[in-house]
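Shown next, in structure tokens, is the structure this report addresses.
The values are calculated or read from the model by the stated rules, or taken from the named source; none is laboratory data. Keep in mind it's a predicted model, so treat the numbers as computed, not measured. Every residue, glycine as well, gets a Cβ built from its backbone with ideal geometry; the counts of neighbours run over all protein chains shown.
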Amino acid sequence: MTYTLVLLRHGESDWNAKNLFTGWVDVPLSDKGRAEAKHGGELIAEGGLLPDVVHTSLLRRAISTAAISLDTADRHWIPVRRSWRLNERHYGALQGKDKKATLAEFGEEQFMTWRRSFDVPPPAIEAGSEFSQDADPRYADLGDELPATECLKDVIARFVPYWEQAIVPDLKDGKTVLVAAHGNSLRALVKHLDGISDDDIVGLNIPTGQPLVYRLDEDLKPTVAGGEYLDPVAAKAAAEAVANQGR
Ligand SMILES: O=C(O)[C@H](O)COP(=O)(O)O
């Protein structure tokens, strides 16, 4: 008996296309991103991986990606569960900043520490500033849990409880589960599933719009380490493009 989990990072967003740090800023998909979401749905259908339930973040790039891919796979009608715990990593004061300009201003080491270190968050965003979420009604109930910046360690701390309390029960019910989320929230989940070390997670990048399938055993351990991309060649190229952002 194995459980089937499909992870899908949203398609390219307008801010991915412009190379801006995005985090919790709620930007839409680009035309390319909508096409990626549709293609993701085609791959899911061709792979016979029709989801029974979908979990998304509260951000429209993940919500739209789920809707487009499921519509393409004729599964637009399945139950949807949403949580802020699946949101992208909060990028703090970097939200809205150009990645290339940030690299040029602060240098490679600081840039990569902010982007990929396990436990060093970027500087906190100022409350009330243009790209802050402190007045956003969708997070009104979070109180002190509303982040002003996050590192990957923080994302794991808020994602894993949702994994255990909301996603695992669906898997144990025998459902094929689609999680439509973000580069860093999916890195957090993959680190948890595969037991990747704090050092090794630095080198892992999740491509946009590429379905990644995990078959999990009774103990929720992956039967294939790292899962399997439905289009491994395209996924590898797209992950390299993510790694090289800002260059
Ligand atoms: O929030 C963002 O800018 C991206 O979605 C993820 O960015 P990263 O690959 O630079 O962490």
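Looking at A234, A239, can you tell me which residue is of a type in the set (A, V, I, L, M) and within 12 Å of the ligand (Cβ to nearest atom)?
After ruling out the rest, the residue left standing is A239.
F131 is checked against (1) in contact with a helix residue (DSSP H, G or I) (Cβ under 8 Å, 6 or more places away or on another chain); (2) crowded, with 19+ Cβ neighbours inside 10 Å; (3) hydrophobic (A, V, I, L, M, F, W, C); (4) assigned to a loop (DSSP other than H, G, I, E, B) and fails just one. What number does that condition carry?
In the conditions (1) in contact with a helix residue (DSSP H, G or I) (Cβ under 8 Å, 6 or more places away or on another chain); (2) crowded, with 19+ Cβ neighbours inside 10 Å; (3) hydrophobic (A, V, I, L, M, F, W, C); (4) assigned to a loop (DSSP other than H, G, I, E, B), F131 misses (1) alone.
Do we find that T56 is out of contact with any Phe, Trp or Tyr (no Cβ under 9 Å at 6 or more places or on another chain) and within 29 Å of C151 (Cβ to Cβ) in this structure?
Taking the combined requirement at face value, the residue satisfies it.
Say we look at the stretch 224-238 and pick out the residues that are free of Cβ contacts under 8 Å to residues at least 60 places away in the same chain and not hydrophobic (A, V, I, L, M, F, W, C); which of these is farthest from Y214 (Cα to Cα)? Break it down stepwise before answering.
Residues of the stretch 224-238 free of Cβ contacts under 8 Å to residues at least 60 places away in the same chain: 224-226, 228-229, 232-238.
Next, from what is left, pick out any that are not hydrophobic (A, V, I, L, M, F, W, C): 226, 228-229, 232, 236.
Values: G226: 8, E228: 7, Y229: 9, P232: 14, K236: 17 Å.
Per the criteria, the residue is K236.
Looking at the stretch 220-243, can you tell me whether even one residue there is touching a Leu at 6+ places or on another chain (Cβ under 6 Å) and under 30 Å from G96 (Cβ atoms)?
no
What number of residues in the stretch 1-58 are of a type in the set (G, A, S), part of a loop (DSSP other than H, G, I, E, B) and within 16 Å of the ligand (Cβ to nearest atom)?
4
Taking I78 and the conditions (1) more than 19 Å from the chain's Cα centre (by Cα); (2) over 30 Å from D170 (Cα atoms); (3) surrounded by 12 or more Cβ atoms within 10 Å (Cβ to Cβ), which numbered condition does it fall short on, given that it satisfies the others?
So I78 meets the others, but not (2).
Go through the stretch 208-223 residue by residue and tally those that are surrounded by fewer than 19 Cβ atoms within 10 Å (Cβ to Cβ), in contact (Cβ under 8 Å) with a residue 60 or more places away in the chain and assigned to a loop (DSSP other than H, G, I, E, B).
4
Suppose we filter S117, S83, S129 for residues that are modelled with pLDDT under 95 and among the hydroxyl-bearing types (S, T, Y); which single one remains? Before the answer, list the steps.
Working: S83 fails: modelled with pLDDT under 95; S129 fails: modelled with pLDDT under 95.
Just a single option satisfies the conditions, and that option is S117.
Working only within the stretch 162-192, note down all residues that are free of Cβ contacts under 8 Å to residues at least 40 places away in the same chain, under 16 Å from the mean Cα position of the chain (by Cα) and more than 16 Å from the ligand (Cβ to nearest atom).
W163, H192 - these are the residues of the stretch 162-192 that are free of Cβ contacts under 8 Å to residues at least 40 places away in the same chain, under 16 Å from the mean Cα position of the chain (by Cα) and more than 16 Å from the ligand (Cβ to nearest atom).
Considering only the stretch 99-121, state which residues are more than 18 Å from E150 (Cα to Cα) and outside any helix (DSSP H, G or I).
Within the stretch 99-121, G107 is the sole residue that qualifies.
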